[in-house]
Amino acid sequence: MHKFIKKIKNYEEKPYVIKKFLNPKEITNFIKLYQELPIEVNNQRQKIVKKKWSKKFFPELQSVYEKKLKSAIGNFSMDNPKNKLGEESLGLFQESFMPVSLHVDTGFDFDKIIYKQTLLPLSEEGETVIFKNRFYGCSTTFSINEKELAAKGYNKRSSEHIELYSKKPFNKKDHEKFLKHEEINNLKGLEIEMVYKWKLGEILIFDRTNLHCSSSNLKGKKIGFTTSTIKNEVD
Ligand SMILES: [Fe+2]
């Protein structure tokens, strides 16, 4: 469990979208950057390619991105896991052909004041579902499926979410419309806060404590860039 829950909660707010976060030139640069970066993970099982933005690549775009992010969310520090070469990273590019399942990106360091998670779409394809429900343990993928629970990955696997919320059956229409890739019983007690349809140039900002997943509406593939942030004690 995170130690500074009170501080973390103080910073919590509803998810929001900033339109025209990037201009067309910057979008092009982000796509170029993605193409140039080396592959970090190629997971056949989850049909996902991951690349981390090492500080060696596109330094001018880094300062533009950090400056714009600061004007959007205020003071923050980056909190992204290092790449496999041990280099600092500004975030993670994920190219996925399958919807990402229910999880939370709270990290593994309970001494940090976890803050915002951002999603920058690099394709017009893609949709993200943010739930009202929050979680204060470590980064976890939530499932009630035995096979998924036994799978290994970066996140912890757990079904503990079922005990945390109301256990109310999930809305059938919402399940059919957005979440067909999730077992409806895995969504017990969950309530949708926002369904975000990806648009180039925009950025979605939500709290790291918000449960979220992809929507099942995915034709072909999507490419997105995510950053995890923390607040400094002094802010
Ligand atoms: Fe996530």
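Each value in this text was obtained by applying a stated rule to the coordinates, not by laboratory testing. The shown structure was predicted, so the numbers you read here are calculated from the model rather than taken from an experiment. When we count neighbours, we look across all protein chains shown, and the Cβ atoms used for this are built from the backbone with ideal geometry, even at glycine.
Between amide H atoms placed 1.01 Å from N, distances below 5 Å from Ser123 occur with Ile223, all of them 5 or more places distant or on a separate chain.
Would you be so kind as to identify which of Ser101, Gln44, Tyr65 lies farthest towards the positive end of the dipole of segment 40-102, taking Lys and Arg as +1 and Asp and Glu as -1 on Cβ and the Cα centre as origin? Toward the positive end, the furthest listed residue is Gln44. In sequence order, segment 165-177 has phi-based couplings of 10, 6, 6, 5, x, 6, 4, 5, 5, 5, 4, 5, 6 Hz under the Karplus curve 6.51 cos²θ - 1.76 cosθ + 1.60, θ = phi - 60°, and Gly or Pro positions carry x.
Counting every pair of alpha carbons in segment 41-168, the share spaced more than 27 Å apart comes to 25 percent. Which Cα, out of Thr209, Thr28, Gly86, lies furthest along the positive dipole direction of the chain (beta carbon charges, K/R +1, D/E -1)? Checked the options; the winner is Thr28. For Asn133, the amide hydrogen comes within under 5 Å of the amide hydrogens of Glu191, Leu211, counting only partners 5 or more places away or on other chains and with H modelled in the peptide plane.
Placing +1 on the Cβ of every Lys and Arg and -1 on the Cβ of every Asp and Glu, with nothing else charged, gives the chain a dipole about its Cα centre of roughly 200 debye.
Calculated on the alpha-carbon coordinates, the convex hull of the chain measures out at 123 cubic angstrom per residue.
So if I take the centroid of the Cα atoms in segment 164-208 and the same for segment 47-89, what is the distance between those two points in Å? After rounding, the separation between the Cα centres reads 27 Å.
Top mean-square fluctuation among Ser71, Ser214, Ser166, Gaussian network model of the chain, C-alpha springs under 10 Å? Top of the fluctuation ranking is Ser71. Pairs of Cα atoms nearer than 8 Å and 6+ residues apart set the relative contact order; for segment 103-235 it is 48 percent. Just so you know, the Rg over Rh for segment 1-77 is 1.05, from Cα atoms, with Rh as the Kirkwood radius.
Put simply, the C-alpha atoms of segment 175-234 give a gyration tensor, and the ellipsoid matching it has half-axes of 24, 18, 9 Å, longest first.
What percent does the relative contact order of segment 46-166 come to when contacts are Cα pairs within less than 8 Å and at least six residues apart?
23 percent
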